[in-house]
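What follows draws every value from the coordinates through simple rules; no lab data is involved. As the structure is a computational prediction, the values presented were derived from the model and not from experiment. Here the Cβ is made from the backbone with ideal geometry for all residues, glycine too, and neighbour counts use every protein chain on show.
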Number of protein chains: 2
Amino acid sequence: MERYNIAYRLHKVRLAMTEPPTQPRPCTDRDCRGQHAPHERVALATAICRERGVQMTELRKSILELLWASCGPTSAYQLMEALKRRDSRAVGPPTVYRALDFLMTQGLASKIESLNAYVPCVHPERDHDCLFFICRDCRTSVEFENPRIAALLAEDAAGFGFVATRRTVEVEGRCARCTEAGGTA
Amino acid sequence: MERYNIAYRLHKVRLAMTEPPTQPRPCTDRDCRGQHAPHERVALATAICRERGVQMTELRKSILELLWASCGPTSAYQLMEALKRRDSRAVGPPTVYRALDFLMTQGLASKIESLNAYVPCVHPERDHDCLFFICRDCRTSVEFENPRIAALLAEDAAGFGFVATRRTVEVEGRCARCTEAGGTA
DNA sequence: ATATGCAATGTTATAACGTTCCATTCTAGG
DNA sequence: CCTAGAATGGAACGTTATAACATTGCATAT
């Protein structure tokens, strides 16, 4: 029954062995949202990877660029299509998912669980504990950090001996712009 | 392009029209977790539905029972199989998903987004704003409520004019029992 | 009794998301 | 160079969810 895939397992193990440092250095800068030049971001990510001794390959860089270039959370299959369109590079699902795994492990991207889609991460340089606000109208997401929420969650967890390893905090609703534009519809 | 499914849309509209009251009556009872007799729970849910003037049908009741009987978050397809096994009732995916939609709308069940699985809801009688602690070893989940977290999220949202409609808060890790039992593995 | 309306469910097909398994290519260190 | 391990390619498959359309069954009006 416990039949498993060696290559994939190794891939996971490798990723685990190269996990970024996890000292919490939470972000309280609330004005940094929304203004990110894709190329600068990718350059920063590349520098971070070099520093960590992990490889920012062409594929991974392309995927990250596409995430930054996208106007909102992007599915793995959309990334496949975008890669084919932009770079004339046709890859299969496993390739994209591996690249996404790498980016997530390095804190360069996150998965929005409630959308099965992926976003680039605003603060790759720190251990981030993001939360996301997702507009159901314009399908954009905003990354946010709130150490007080993280602290409360940690407190609750500690209350019954739970050891937390990963948090998913997603708030769905309507952004200010869509609320103004759309009326009550 | 905007070709859509009338039946499904109507289903959604009907659900929206019968949404439960949403005055926040948060739960601070931390000892009520884990001790729930399925039949009592289903009976309570049935009473709530009657009170609200919505129908707790046989199918919906079966799905809810199966959720309560299950030892952890359960996928829609697992519910299909369980329904076939237990009730000799073979249904298709849409049927299960519709029942789950109903239960979620009534606050009787929740989806664990990070697992694509469903759990029965501990506090159907109030507007709940749950958070879940999910053990990656034993695959169980624990429902929790923390109004302070909800308040912080609301505060953050209000800070940039975001109107929140739904929250997903999931913490993955290892429960106390598995931590004791499993060592560091 | 027949017609109409409508909530709920049934059925088939397919879209969308993700993984297994195995082959091949690339790349850093001896 | 050479080779071990990291990275990628790709067919097939598994899993999750919805579209589109048909039917059941009950209530009320004619």
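In the stretch B:81-102, what residues are within 10 Å of DNA strand C (Cβ to nearest atom) and assigned to a helix (DSSP H, G or I)? If the condition is that a residue be within 10 Å of DNA strand C (Cβ to nearest atom) and assigned to a helix (DSSP H, G or I), then B:Leu83, B:Asp87, B:Pro93, B:Pro94, B:Thr95, B:Val96, B:Tyr97, B:Arg98, B:Ala99, B:Asp101, B:Phe102 are the ones that fit. Among the residues of this structure, B:Met80 counts as one that is within 12 Å of DNA strand D (Cβ to nearest atom), of a type in the set (A, V, I, L, M) and away from chain A (no Cβ under 14 Å). Counting only strands (runs of 3 or more DSSP E) that sit wholly inside the stretch B:103-185, those with at least 1 residues that are facing chain A (nearest Cβ under 10 Å) and within 30 Å of B:Leu79 (Cα to Cα) are B:109-112, B:130-135, B:141-145, B:163-174.
In the stretch A:66-79, which residue that is of a type in the set (S, T, N, Q) and assigned to a loop (DSSP other than H, G, I, E, B) is nearest to DNA strand C (Cβ to nearest atom)?
Among those that are of a type in the set (S, T, N, Q) and assigned to a loop (DSSP other than H, G, I, E, B), it is A:Ser75.
The numbered conditions (1) within 30 Å of B:Glu58 (Cβ to Cβ); (2) touching a Leu at 6+ places or on another chain (Cβ under 8 Å) are all true for B:Ser88 except (2).
Can you name every residue in the stretch B:103-116 that is within 13 Å of DNA strand C (Cβ to nearest atom) and at negative phi? Can you show your working first?
Within the stretch B:103-116, the subset within 13 Å of DNA strand C (Cβ to nearest atom) is B:103, B:105-106, B:113-116.
Hits for the stretch B:103-116 are B:Leu103, B:Thr105, B:Gln106, B:Glu113, B:Ser114, B:Leu115.
Only residues that are crowded, with 18+ Cβ neighbours inside 10 Å and free of Cβ contacts under 8 Å to residues at least 12 places away in the same chain were counted across the stretch B:64-97, and they come to 0.
For the stretch A:98-107, which residues satisfy the criterion of being buried (at least 16 other Cβ atoms within 10 Å of the Cβ) and more than 6 Å from DNA strand D (Cβ to nearest atom)? It would help to see each step written out before you state the result.
We begin by selecting, within the stretch A:98-107, every residue buried (at least 16 other Cβ atoms within 10 Å of the Cβ); these are A:98-103, A:105-107.
Those that are buried (at least 16 other Cβ atoms within 10 Å of the Cβ) and more than 6 Å from DNA strand D (Cβ to nearest atom): A:Leu100, A:Asp101, A:Phe102, A:Leu103, A:Thr105, A:Gln106, A:Gly107.
Being touching a residue at least 12 places away in the same chain (Cβ under 8 Å) and in contact with a Leu (Cβ under 8 Å, 6 or more places away or on another chain) is the requirement here; does A:Pro147 meet it? The answer is no for A:Pro147. Only a single item in (1) under 26 Å from A:Lys111 (Cα atoms); (2) buried (at least 17 other Cβ atoms within 10 Å of the Cβ); (3) free of Cβ contacts under 8 Å to residues at least 24 places away in the same chain; (4) within 11 Å of DNA strand C (Cβ to nearest atom) is not met by B:Lys61, and it is number (1). If a residue has to be more than 21 Å from B:Arg89 (Cβ to Cβ) and either outside any helix (DSSP H, G or I) or of a type outside the set (Asp, Glu) (or both) to count, how many in the stretch B:44-65 make the cut? Going through the stretch B:44-65 one residue at a time, the tally reaches 7.
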